[in-house]
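> Sharing a structure, written as structure tokens. Questions coming.
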Amino acid sequence: MRFFASTLAAVALLSASSSADVTVYTNKSQWVTAVGSHTRIGFDEYPPDINITTQYANLGVIFTDGDDVTDYNPVYLDDYGLISDPSHFRLLFSTPMHGIGVEQPGFVVISLYSHGSLIYTSELFVGGFFLFGGLISNVPFDEVVMTDPTGPVLNIDNLYFGPAIPAPGALLILLCGFASQSTRRRT
């Protein structure tokens, strides 16, 4: 219990600093109406136990951790999702976004970055079946980090982001950067 209380205090301190004006949503319909054009990833295109990295690059996002794996579990809306152990997802976008949303069955904190600088960290979205947590920022972001400070793993069901209008050549630059980063990690 002490760990949980100290974790919540740390999250509250992190969320106090912000350089972006961000609207927080716990209702998916309201987020969808506010964000407009968006992309959904349901992770049901792949069987369980597939390591997800660049499979969604054509949609403008890559998963950089290298330990994010597709998962089959009835706790997800459509029985498929993504699991990370440790409880951390890092996403890079080929084009800056203004909105991010996630349906997930646990707890999540969402941090937004622009050009490597933290611009916003949400408070803890408290868990429950089919919880939705969404953010819309007035400052565009190109990186998102999601964590569950309360547990050893993070599960997400559906991921939403937008607008997803790739700039010409941006995807190639993103993939080249990811490849060089992956190469540096292995050495």
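> For the range 87-152, which strands (runs of 3 or more DSSP E) that fit wholly inside it have 3 or more residues that are surrounded by 21 or more Cβ atoms within 10 Å (Cβ to Cβ) and out of contact with any helix residue (DSSP H, G or I) (no Cβ under 7 Å at 6 or more places or on another chain)? I'd like the intermediate steps shown before the answer.
On the way: elements: 88-104, 109-114, 117-121, 131-147.
Ranges flagged: 88-104, 131-147.
> Looking only at residues that are crowded, with 21+ Cβ neighbours inside 10 Å and farther than 17 Å from T95 by Cα in the range 53-73, which one is nearest to the chain's Cα centre (by Cα)?
Taking the range 53-73 and keeping what is crowded, with 21+ Cβ neighbours inside 10 Å, we get 60-63, 68, 71.
Retained after the next criterion (residues that are farther than 17 Å from T95 by Cα): 68, 71.
Working: D68: 11, D71: 16 Å.
Of everything passing the filter in the range 53-73, D68 is nearest to the chain's Cα centre (by Cα).
> Please enumerate the residues belonging to the range 96-143 that are at pLDDT 95 or above, charged (D, E, K, R) and in contact with a Lys or Arg (Cβ under 9 Å, 6 or more places away or on another chain).
E143 - this is the single residue of the range 96-143 that is at pLDDT 95 or above, charged (D, E, K, R) and in contact with a Lys or Arg (Cβ under 9 Å, 6 or more places away or on another chain).
> Within the range 67-86, track down each residue that is under 22 Å from S29 (Cα atoms) and in a loop (DSSP other than H, G, I, E, B).
Hits for the range 67-86 are V75, Y76, L77, D78, D79.
> Here is a further query. Read through the list (1) touching an Asp or Glu at 6+ places or on another chain (Cβ under 6 Å); (2) surrounded by fewer than 17 Cβ atoms within 10 Å (Cβ to Cβ), then give the number of the only condition that T23 fails.
(1)
The values are calculated or read from the model by the stated rules, or taken from the named source; none is laboratory data. These figures come from a predicted structure and were not determined experimentally. Neighbour counts run over all protein chains shown; Cβ positions are idealised from the backbone, glycine included.
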